[in-house]
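The values are calculated or read from the model by the stated rules, or taken from the named source; none is laboratory data. All values reported here derive from a predicted model rather than from experimental measurement. Reconstructed Cβ throughout: ideal geometry from the backbone, glycine too, with neighbour counts over all protein chains shown.
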Amino acid sequence: PRAIVENVTSNIGGGVRSANIQLGGHRFAQEKFTNNVFQVVNNLYYNTDKVNYTFGVDVMQTNSKSVYGSEVNGRFHFNNDPALGYSSMDSFENLRPYRYYREVPLVDDLTVDGNILKAGIYGQMKTSLYPGLDMTLGLRLDYAKYPTAKFNQLVYDELGLRTDNNFKSLIVQPRIQFD
């Protein structure tokens with residue numbers, strides 16, 4: 001567990017300053033991450049007397065499995081207690097937290113499976129403009145599709161938020177280089 005001692009005051013430079021002190025906790029427990037990546041890249045080169053062309057395809061499938069449970073430890077909060085005349089440090093020393101909370105799993109299996117598909121196509125050309133000055137021009141298009149989460153009716157009913165949003169991205173990357 002962690003302890004958070006709030007509003008700890010100190011006299012610094014003639015003024016009273018306050019800060020929170022956090023101690024304890026083990027945030028790196030119960031974790032496991034497995035990623036399997038399959039990638040295929042294919043390039044086609046076409047060269048002429050003046051211009052060298054490159055065209056290609058890049059396809060990558062990532063299958064990931066994650067178990068992340070490091071935040072299930074408890075947190076004790078200590079603060080000033082006017083009823084007892086305790087400062088935050090007094091509350092901490094006497095083990096009198098005003099708040100305790102713990103994040104608990106809502107499902108038996110915390111495993112998250114994610115399958116991400118990324119695909120890219122690209123083309124570029126390189127030519128010599130003058131002796132000692134080359135120019136490269138190109139364009140790359142990348143598309144990624146991420147898993148869709150399950151719809152949670154309770155979240156929708158209580159907060160009006162959809163949890164089953166689908167995330168995709170298409171990124172256009174122009175390239176120009178002089179060397």
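Working only within the stretch 14-56, note down all residues that are modelled with pLDDT under 90 and assigned to a loop (DSSP other than H, G, I, E, B).
Gly25, His26, Arg27, Phe28, Ala29, Gln30
Do any strands (runs of 3 or more DSSP E) lying entirely in the stretch 63-179 carry at least 3 residues that are more than 30 Å from Glu6 (Cα to Cα), and which ones are they? Steps first, please.
Values: elements: 74-78, 99-102, 112-130, 133-145, 168-178.
Result: 112-130, 133-145, 168-178.
Per-residue answers, yes or no, for (1) within 27 Å of the chain's Cα centre (by Cα); (2) under 30 Å from Phe167 (Cβ atoms):
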{"residue": "Leu23", "(1), (2)": "yes, no"}
{"residue": "Val41", "(1), (2)": "yes, yes"}
{"residue": "Phe78", "(1), (2)": "no, no"}
{"residue": "Gly120", "(1), (2)": "yes, yes"}
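Going by the structure shown, is Phe92 of a type in the set (A, V, I, L, M, F, W, C), in contact with a helix residue (DSSP H, G or I) (Cβ under 8 Å, 6 or more places away or on another chain) and closer than 30 Å to Val8 by Cα? Spell out the reasoning first.
On the way: of a type in the set (A, V, I, L, M, F, W, C): yes; in contact with a helix residue (DSSP H, G or I) (Cβ under 8 Å, 6 or more places away or on another chain): no; closer than 30 Å to Val8 by Cα: yes.
No.
Scan the stretch 1-22 residue by residue and report those that are under 21 Å from Glu103 (Cα atoms) and of a type in the set (A, V, I, L, M, F, W, C).
Ala3, Ile4, Val5, Ile21
Looking for whichever is of a type in the set (A, V, I, L, M), within 30 Å of Arg175 (Cα to Cα) and either loosely packed, with under 13 Cβ neighbours inside 10 Å or in contact with a helix residue (DSSP H, G or I) (Cβ under 8 Å, 6 or more places away or on another chain) (or both) here; the options are Val107, Val40, Val59. Which one fits?
Working: Val107 fails: within 30 Å of Arg175 (Cα to Cα); Val59 fails: either loosely packed, with under 13 Cβ neighbours inside 10 Å or in contact with a helix residue (DSSP H, G or I) (Cβ under 8 Å, 6 or more places away or on another chain) (or both).
Just a single option satisfies the conditions, and that option is Val40.
Out of the stretch 131-171, which residues are more than 29 Å from Lys65 (Cα to Cα) and touching a residue at least 24 places away in the same chain (Cβ under 8 Å)?
Leu133, Asp134, Met135, Thr136, Leu137, Gly138, Leu139, Arg140 - these are the residues of the stretch 131-171 that are more than 29 Å from Lys65 (Cα to Cα) and touching a residue at least 24 places away in the same chain (Cβ under 8 Å).
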